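Undergrad: This is the structure I have questions about; it appears just below.
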Amino acid sequence: MRFSDKGFLVTGGGSGIGREVALHAAREGAHVAVGDVDQQMAERTVEDIVADGGQGAAFGLDVTDPAAVDGFVEAAGAAVGGLDVLVNSAGIREIQSVLELSFEEWSRVMAVNASGVFLCSQAFAKRVVAAGGEGAIVNLASTLGVDGSPRRTAYAASKHAVVGITKAMAMELSDQGLRINAVGPGVTRTPLTERYFQDADTVENIKAIHAMSRWGEPAEIAKAILFLASDEASFITGTTLMVDGGWTAGKRVS
Ligand SMILES: NC(=O)c1ccc[n+]([C@@H]2O[C@H](COP(=O)([O-])OP(=O)(O)OC[C@H]3O[C@@H](n4cnc5c(N)ncnc54)[C@H](O)[C@@H]3O)[C@@H](O)[C@H]2O)c1
């Protein structure tokens, strides 16, 4: 098993992609700390890990609160026996015209998606570097970390920031025991996107923008994240691996 007795921290692990990462990592031997602003959902993920024979611990966590993040990384590392992997999956997005986007909503999306990744990664990296250890960070970027899309200005800005944080931190810390990467999912069916699937036109549009003419499932994103977190990716750092069914490969002309 790739992650036997490794300490694995997953933010946003109460739902969607983060939950799937937590379940898969535990099946591969990791001891998983699940942090989520919705503590009940984090507890449910851990209950499912334990029911599956794995080990985990749940934490209430708001990734926008520096003191809470520091406390989480400290307590989570102690609970799962080390700081080997951090997956930053906590995220939100707006669907709002840029002409109507309030500063409050812009700030909220940037705080969770960009500042949250910075704060959690910094708290994790500080401890790994101070201990002279080794660790891997995998961030959730998006196709909108490299492309734009209408009515998602804050989200696209925050995900471009995640790509930048990933590159800059990798440049600074990769010779100190850390590998820092990101994945860029295409549309993936989770509670975040569930309402897309209630509208037939949106479903057709989703098919049209992916070369594979379909959306992704959380397990397909989780597998790529676990690859980047594992020793199989030992010479990979600073990259954003697109896991997007071909969204960013190009555009159809007919
Ligand atoms: N689903 C997609 O199509 C898709 C595509 C590209 C990127 N992503 C990214 O993947 C990540 C996970 O998305 P998902 O689809 O699983 O969404 P999701 O809504 O199912 O899960 C996100 C989790 O983050 C938690 N969260 C929100 N704000 C938080 C905060 N301040 N502190 C801690 N936890 C918080 C939520 O409670 C939730 O459990 C996000 O960063 C998202 O932007 C998703």
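Since every read-out is calculated from the coordinates, none of them should be taken as a lab result. Just so we're clear, the structure is a prediction, and the values are computed from it rather than from any experiment. For neighbour counting, all protein chains shown are included, and Cβ atoms are generated from backbone atoms with ideal geometry for every residue, glycine included.
Undergrad: Can you check what the net charge comes to around ALA123, using other residues whose Cβ is under 11 Å from the Cβ of ALA123 (Lys, Arg +1; Asp, Glu -1)?
TA: 0
Undergrad: So which lysines pass the test for LYS159, namely a Cα distance under 20 Å, with those fewer than 8 places away in the same chain ruled out?
TA: Here the lysines satisfying the reach criterion relative to LYS159 are LYS167.
Undergrad: So, one more: Run lengths n ≥ 4 of DSSP H only: what is the helix-derived mean residue ellipticity at 222 nm for the chain, with -39500 (n - 2.57) per run over all residues, to the nearest 500?
TA: -13500 deg cm²/dmol
Undergrad: Hey, got the dipole for region 7-247? About the Cα centre, +1 on K and R Cβ, -1 on D and E Cβ, debye to the nearest 20?
TA: Dipole about the Cα centre, nearest 20: 400 debye.
Undergrad: Are there trypsin sites (Lys or Arg not before Pro) in region 198-254 that DSSP puts in a loop and that have at most 10 other Cβ atoms within 10 Å, and which ones?
TA: Loop-located and lightly packed - LYS251, ARG252.
Undergrad: Under 5 Å between amide H atoms, partner at least 5 residues away or on a different chain: which partners does GLY56 have, H built in plane at 1.01 Å?
TA: Those lying under 5 Å, H to H, from GLY56 are VAL32.
Undergrad: Follow-up question, since we're still on this one. If you stretched the chain out fully between MET1 and SER234, how much longer would it get, using 0.36 nm times the residue separation minus the C-alpha to C-alpha distance?
TA: Separation in residues times 0.36 nm, less the Cα-Cα distance, equals 82.3 nm.
Undergrad: So if each residue of separation counts as 0.36 nm, and I subtract the Cα-Cα distance between LYS126 and GLU217, what length gain in nm does that give?
TA: Result: 29.4 nm gained on full extension.
Undergrad: Another question, if that's okay. With only Lys, Arg, Asp and Glu charged, each at its Cβ (+1 for the first two, -1 for the last two), find how big the charge dipole of region 123-254 is about the Cα centre; round to the nearest 20 debye.
TA: 300 debye
Undergrad: Over 5 Å intervals from 0, what percent of Cα-Cα pairs in the chain sits in each interval?
TA: 1, 7, 14, 19, 21, 17, 11, 7, 3, 1, 0, 0
Undergrad: Hey, another quick one. Is any residue of region 153-183 close enough, with backbone N under 17 Å, to a label point placed 7 angstrom from the Cα of VAL98 along the Cα-Cβ axis, and if so, which?
TA: Counting backbone N atoms under 17 Å from the label point, the list is 153-161.
Undergrad: Sticking with this structure for a sec: Out of residues 5 or more away from VAL37 or on other chains, whose amide H comes under 5 Å of its own, with H placed 1.01 Å from N in the peptide plane?
TA: It is GLY12, LEU61, by chain and number.
Undergrad: Rounded to whole Å, give me the distance from the Cα center of region 195-216 to that of region 3-64.
TA: Result: 29 Å between the Cα centres.
Undergrad: Using a Förster distance of 51 Å, how high is the FRET efficiency between GLN198 and ALA78, based on the Cβ-Cβ distance and rounded to 0.05?
TA: After rounding to 0.05, the efficiency reads 0.75.
Undergrad: Now, a different point. When the chain is fully extended, how far beyond the present Cα-Cα distance does GLN40 get from ARG189, taking 0.36 nm per residue of separation?
TA: Contour length minus the Cα-Cα distance gives 51.5 nm.
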